[in-house]
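The values are calculated or read from the model by the stated rules, or taken from the named source; none is laboratory data. If you're wondering where the values come from, they're calculated on a predicted model, not measured in any experiment. Please note: Cβ atoms are built from the backbone with ideal geometry, for glycine as well, and neighbour counts cover all protein chains shown. Side chains are part of the model used for accessible areas, which takes the heavy atoms of the whole protein and leaves out ligands, DNA and RNA. Shrake-Rupley method; radii C 1.70, N 1.55, O 1.52, S 1.80 Å.
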Amino acid sequence: MMTRSQQGRTNRLARPSIAVAAAVAVTAGVVAAAPDAKTAVVAGPKLSLIAASKSVTLDSWKEEPGVYLDLGTYLTSEKGAFEFKVTRKSYKDPVVASQIIRNGKKTTTKVLPAGLVKDFSGLPDFMEVSVVDAAGKSVLKKTESFCPNNASGRVRPDAPANSKFPQSCPANPFTLGSVWGVENGWAANTYAGYYSAPVQLAAGTYTAKISVTKKYRDLFGIANKPQSVKITVRERSWEQPEGGSGGAAAKVASSSPHAGHAGHQAAADPAPSGHAGHGAPARTDAPAAATTGAGATFNVGHGPYPPAPPALPWALKKQAAEKQAGKDAFGAQGFSAARVGDRAGQTDGSRQAPGAQPNAKRPTGKAAVPNVPKPDLRSLPAYGITVSDGYEDVPGKDYLAFSANVWNAGPAKLVVDGFRSPGKELMDAYQYFYDAKGKQVGYTPTGTMEWDPRPGHEHWHFTDFASYRLLKADKKETVRSGKEAFCLANTDAVDYTVKNANWHPSNTDLSTACGQENSISVREVLDVGSGDTYTQDLPGQSFDITNLPNGTYYIQVLANPENRLKETNHKNNSALRKVVLGGKKGARTVKVPAHHLVNAN
């Protein structure tokens with residue numbers, strides 16, 4: 001299958017970290033103190049900062065200068081989980097983060113200070129890292145954010161076998177709600193991953209001091225016990241032979257770990273594949289070493305905005321050595337990515353997520369839509385908006401490209417099965433309905449699924465799931481995207497605070513979620529709380545604006561456009577994003593005003 005790197009923009013997949021040891025002695029913590037002396041003290045979990053190892057070896061690549069400062073430090077939580085609910089009422093309202101403290105049957109909510117948390121990517125400026133060289137001279141001091149859902153593992157054998165919390169802190173700019181947490185008896189890596197830019201350290205030895213910043217020590221009652229880690233920085237090169245200190249065994253080539261539904265385009269889409277790369281071309285990434293440790297680290301997020309910072313990308317453990325010579329172009333955000341793509345048992349390089357299995361046979365009996373909970377499909381405003389010409393493939397054309405997400409607010413998941421009759425090109429699609437106990441109690445025909453045979457696609461698309469339209473200033477349609485068919489997958493955690501949200505959805509792996517060419521049946525699922533993002537660098541994710549006059553327009557993302565799918569509410573399926581086109585033919589420009597408090601283009 002063709003990799004996502006050939007489809008457009010890439011971002012860096014964070015480097016591996018050292019695993020939590022099977023059992024780690026937990027240092028003493030203190031109960032959480034209230035942030036205000038006038039507020040009653042509420043006892044929370046005991047939190048401690050630990051280091052999995054007293055020393056780490058980090059690589060500096062000649063071809064990509066900079067060191068990723070993953071020092072193997074973790075925040076442990078004892079006597080309860082370190083848990084948060086993070087929400088915003090609307091895009092007109094600020095993000096509010098609340099700590100959830102559970103003591104037996106009693107639950108206490110402690111709202112964090114206003115303005116402390118501004119988005120859903122984690123606790124900002126949580127960690128402080130200072131580095132001195134062998135002579136004791138200070139060479140680096142920085143702060144980093146902390147995602148409690150980061151790579152994690154148990155610190156004692158009697159801790160829960162699995163963490164109930166999600167595997168990511170969402171980074172989609174239009175996220176509505178999230179849940180963060182370090183499970184009781186677990187530890188979460190403090191490395192900021194994607195959000196941490198590489199630092200400049202020459203080959204040599206250093207000592208790092210890592211601590212929780214004072215405002216969070218005071219807020220959560222964390223003991224002031226910094227950790228010290230020895231660092232050895234070694235310089236490596238991609239050109240070193242395999243088996244040496246570098247070389248092919250450690251290499252992985254460039255691609256986007258979250259380039260999403262590359263090629264998720266209807267076969268009838270008239271948009272040429274030549275403008276599949278709306279954005280900066282990919283650059284070759286530094287090799288990443290094999291990883292060990294706790295496994296899954298984050299939910300997939302297939303937009304130009306990356307998912308929460310990964311620290312232990314399991315998919316890189318056995319990644320085949322590969323290099324793409326001659327590609328050294330920087331992405332728009334200055335980051336690169338390890339090649340992962342969609343393969344069996346693999347999503348975006350972070351975790352295994354097998355696809356749901358369809359029913360063995362077509363439904364029988366009379367079709368009926370029972371009075372049971374149903375999904376609620378909603379659209380997020382478009383983002384990742386950019387303009388480009390048609391390059392040499394489509395000379396003389398101008399395109400407005402965008403990313404789009406349709407999500408399920410529940411309270412029931414969307415389940416669609418496709419069944420193929422022998423010799424037929426299309427599958428017949430059916431929507432299923434379930435009672436509160438999960439028993440199937442009804443079904444209804446809901447269109448078709450079609451096979452896309454092109455390299456990089458090669459899966460079944462459900463038709464008429466969403467529609468994209470460019471509206472004029474008077475909000476009347478002027479251009480419609482040719483994209484009409486979609487492979488449904490849970491790529492983004494949009495709001496995990498809604499009723500029945502599934503924090504660990506399946507159907508995130510595009511290769512298993514949407515079947516194979518010889519599939520006789522396919523099941524596609526959009527779970528409660530999750531959304532399906534198609535990035536702006538994909539065919540069909542654009543409008544031909546060649547002959548449009550400059551001025552104000554609206555990108556409309558419309559879920560369930562023909563109302564073929566049964567859902568709880570058909571009146572909330574549309575989302576608009578204002579754009580202002582300018583420039584001249586061959587050099588068009590776009591301005592994207594903030595959408596209320598969300599200022600992300």
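Quick one: would you say LYS424 is closer than 30 Å to THR552 by Cβ and open to solvent by 10 Å² or more (accessible area, probe 1.4 Å)?
Considered against the rule, which asks whether it is closer than 30 Å to THR552 by Cβ and open to solvent by 10 Å² or more (accessible area, probe 1.4 Å), LYS424 comes out as no.
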Picked from segment 176-200 (must be at pLDDT below 95 and farther than 25 Å from GLU78 by Cα), the residue nearest to the chain's Cα centre (by Cα) is TYR194
Residue that is modelled with the lowest pLDDT, among those in segment 103-128 that are open to solvent by 50 Å² or more (accessible area, probe 1.4 Å) and in a strand (DSSP E or B): ASN103
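Out of GLU392, GLU477, GLU484, I need the residue that is modelled with pLDDT under 90, under 20 Å from ASN563 (Cβ atoms) and surrounded by fewer than 19 Cβ atoms within 10 Å (Cβ to Cβ). Which one?
One residue alone meets the criteria, GLU477.
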Yes or no: segment 406-414 includes at least one residue that is out of contact with any Asp or Glu (no Cβ under 8 Å at 6 or more places or on another chain), small (Gly, Ala, Ser) and in a strand (DSSP E or B). no
With of a type in the set (A, V, I, L, M, F, W, C) and under 19 Å from LYS85 (Cα atoms) as the only criterion, which of LEU140, LEU116, LEU201 stands out? LEU116
Would you check if THR444 is part of a strand (DSSP E or B) and at negative phi? yes
Residues being within 26 Å of the chain's Cα centre (by Cα) and among the β-branched types (Val, Ile, Thr) - total across segment 563-594: 3
Can you run down the residue pairs with Cβ atoms below 7 Å, 6 or more apart or on separate chains, where the first is in segment 156-170 and surrounded by fewer than 13 Cβ atoms within 10 Å (Cβ to Cβ) and the partner is polar (S, T, N, Q)? PRO160/ASN184
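Test VAL416 against the stated conditions and say whether it is within 15 Å of LEU488 (Cβ to Cβ) and at pLDDT 90 or above. Write out each step before concluding.
Details: within 15 Å of LEU488 (Cβ to Cβ): yes; at pLDDT 90 or above: yes.
Criteria met by VAL416.
Wholly within segment 524-601, which strands (runs of 3 or more DSSP E) include no fewer than the required count, namely at least 2 residues that are open to solvent by less than 50 Å² (accessible area, probe 1.4 Å), more than 29 Å from LEU488 (Cα to Cα) and not β-branched (Val, Ile, Thr)? Spell out the reasoning first.
Details: elements: 530-534, 542-544, 551-559, 574-584, 587-591.
So the answer is 574-584.
Residue-wise test of (1) within 23 Å of SER467 (Cα to Cα); (2) in contact with a His (Cβ under 6 Å, 6 or more places away or on another chain).
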site	(1), (2)
ALA401	yes, yes
ALA409	yes, no
VAL416	yes, no
LEU426	yes, no
TYR430	yes, no
PHE433	no, no
LYS439	no, no
GLY447	yes, no
TRP451	yes, no
Output the residue which, of all residues in segment 453-474 that are in contact with a strand residue (DSSP E or B) (Cβ under 6 Å, 6 or more places away or on another chain) and charged (D, E, K, R), is modelled with the lowest pLDDT. ASP464
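Within segment 64-99, can you find the residues that are part of a loop (DSSP other than H, G, I, E, B) and crowded, with 16+ Cβ neighbours inside 10 Å?
So the first thing to find is which residues in segment 64-99 are part of a loop (DSSP other than H, G, I, E, B), and the list is 65-66, 68-72, 79-81, 88-95.
Scanning segment 64-99 gives TYR68, LEU69, ASP70, LEU71, GLY72, GLY80, ALA81, ARG88, VAL95.
Just to be sure before I move on: is ASN371 under 15 Å from PHE486 (Cβ atoms) and either free of Cβ contacts under 8 Å to residues at least 60 places away in the same chain or under 22 Å from the mean Cα position of the chain (by Cα) (or both) in the structure I sent?
Working: under 15 Å from PHE486 (Cβ atoms): no; either free of Cβ contacts under 8 Å to residues at least 60 places away in the same chain or under 22 Å from the mean Cα position of the chain (by Cα) (or both): yes.
So ASN371 does not fit the description; no.
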Pairs under 9 Å by beta carbon, first residue modelled with pLDDT of 90 or more in segment 427-440, partner outside any strand (DSSP E or B) and of a type in the set (Gly, Ala, Ser), six or more apart or different chains? MET427/SER421; MET427/GLY515; MET427/SER519; ASP428/SER421; TYR430/ALA367; PHE433/ALA412; TYR434/ALA412
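Give the number of residues within segment 402-426 that are touching a residue at least 12 places away in the same chain (Cβ under 8 Å) and more than 28 Å from ALA575 (Cβ to Cβ). Even if it seems obvious, please write down each step before you answer.
Restricting attention to segment 402-426, the residues satisfying the condition of being touching a residue at least 12 places away in the same chain (Cβ under 8 Å) are 402-420, 425-426.
Those still in the list that are more than 28 Å from ALA575 (Cβ to Cβ) too: 419-420, 425-426.
Residues in segment 402-426 being touching a residue at least 12 places away in the same chain (Cβ under 8 Å) and more than 28 Å from ALA575 (Cβ to Cβ): 4 in total.
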Members of segment 166-218 that are farther than 24 Å from ILE231 by Cβ, among the small types (Gly, Ala, Ser) and part of a strand (DSSP E or B): GLY177, SER178, GLY181
